[in-house]
1. If I filter the stretch 74-87 for residues that are without any contact (Cβ under 8 Å) to a residue 12 or more places away in the chain and over 22 Å from T160 (Cα atoms), do I get at least one hit?
2. When both residues are 6+ apart or on different chains and their Cβ atoms are under 9 Å apart, which pairs have a first residue that lies in the stretch 178-203 and is on the phi > 0 side of the Ramachandran plot and of a type in the set (V, I, T), and a second that is surrounded by fewer than 21 Cβ atoms within 10 Å (Cβ to Cβ) and part of a loop (DSSP other than H, G, I, E, B)?
3. Name the pairs whose Cβ atoms lie under 6 Å apart, with the first residue in the stretch 262-280 and in contact (Cβ under 8 Å) with a residue 12 or more places away in the chain, the second part of a helix (DSSP H, G or I) and of a type outside the set (A, V, I, L, M, F, W, C), and 6 or more positions between them or separate chains?
4. So M1 ticks every box in (1) assigned to a strand (DSSP E or B); (2) of a type outside the set (G, A, S); (3) within 20 Å of V182 (Cβ to Cβ) but one. Which box is left unticked?
5. Can you name every residue in the stretch 224-248 that is of a type in the set (G, A, S), touching a helix residue (DSSP H, G or I) at 6+ places or on another chain (Cβ under 7 Å) and part of a strand (DSSP E or B)?
6. Quick test for you: out of A156, A112, pick the one residue that is among the hydrophobic types (A, V, I, L, M, F, W, C), surrounded by fewer than 21 Cβ atoms within 10 Å (Cβ to Cβ) and at pLDDT 95 or above.
7. Hey, D79 hits all of (1) buried (at least 23 other Cβ atoms within 10 Å of the Cβ); (2) within 25 Å of R49 (Cα to Cα) but one; which does it fall short on?
Amino acid sequence: MAIVAVGSVNTDLVVKVKSFPIPGETVYGDDFSTYAGGKGANQAAAAARLGSPVAMLGGVGDDGNSSERLADLRDAGVDISRILIRDQTPGGVALIQVDDSGQNQIVIVPGANGTVSPEDVRDALPSLLSAGDLVLAQFELPFDTVKAALEVARAADARTIVNTAPFVDGTDGLLPLIDILVVNEIEAGQLLGRDPVSVDEAPSAVQQLRSTGPGIVFATLGSAGAVIHDASGTVTIPAPQVNVVDTTGAGDATVGAFATALDDGLSTEDAARMAVMAGSFAVQRPGAQPSQPTRRELDAFIAERSSDS
């Protein structure tokens, strides 16, 4: 089996601040860095670093940032042959603030990501898929493009893992096309038409969401871990206590690790446990893609935490 990510490629421009400015306020930043990012690229790189065969379908520009992002993906082990290069178009950019607690605020400028069309997906994706493969999708590409990817995957008997971030109106209409749904507490609430889901409410929320179509619902809860629900029932998975440096990309590390674990044949629960550990590892480092563990690093982290318990 293989993993195919259909998603965004961004350059992350990250500034560290003591606290986020309120509207109209100017504050000093403590540090500025440029990192590889984009939810699609992050998830692709996360899975590839853990040893899975990964290809990516997306779009970049013809600027210097885009060239660097392609090199980053190639270095991570991702097949980039189906990433489209758009002439006279800048690559996607994310403007990110990270405060002293490690929390972030993000503004995305799609750039070339916004040019990836349903036709592009219908042309390129079928040749990358075989029955049983995993297709990773998020919503930093146009909505209709994501929908086309899910339709192509369903026709190929591939399984879909969809991370509903950033949340887009109409996502609930795609739930019957989604095999594995990954949400955080805010996105779970948005899909259910309510306020963000609390930790105590998460078990019932994932059950409600599974009734809408997905066979597996995986709700990430930050430092509280995750809740997963499939045909076997509902399991709550705690996260280890770690020193949080930057939460940017932690969810993508979680999704990439979950895909890898499923691709390796692990059970849903064991895959989710590995995914939670990958996310916990990632928050201890700055940047989205730079924070993602290799398989050796993740195995060592899991072994260390197991010996502590």
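The values are calculated or read from the model by the stated rules, or taken from the named source; none is laboratory data. Note that the structure is predicted; figures quoted are calculated from it, not measured. Cβ placement follows ideal geometry from the backbone for every residue including glycine, while neighbour counts extend to all protein chains displayed.
1. yes
2. Partner pairs satisfying both residue conditions: none exist.
3. A275/T254; A278/T254; G279/T254
4. Result: M1 passes all but (1).
5. Once the filter is applied, which keeps residues that are of a type in the set (G, A, S), touching a helix residue (DSSP H, G or I) at 6+ places or on another chain (Cβ under 7 Å) and part of a strand (DSSP E or B), the stretch 224-248 yields only A226.
6. Numbers: A112 fails: surrounded by fewer than 21 Cβ atoms within 10 Å (Cβ to Cβ).
When all the criteria are applied, what remains is A156.
7. (1)
To keep it simple, each residue is scored yes or no on (1) surrounded by fewer than 20 Cβ atoms within 10 Å (Cβ to Cβ); (2) assigned to a loop (DSSP other than H, G, I, E, B).
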| position | (1), (2) |
| --- | --- |
| S127 | yes, no |
| S130 | yes, yes |
| D144 | yes, no |
| A148 | no, no |
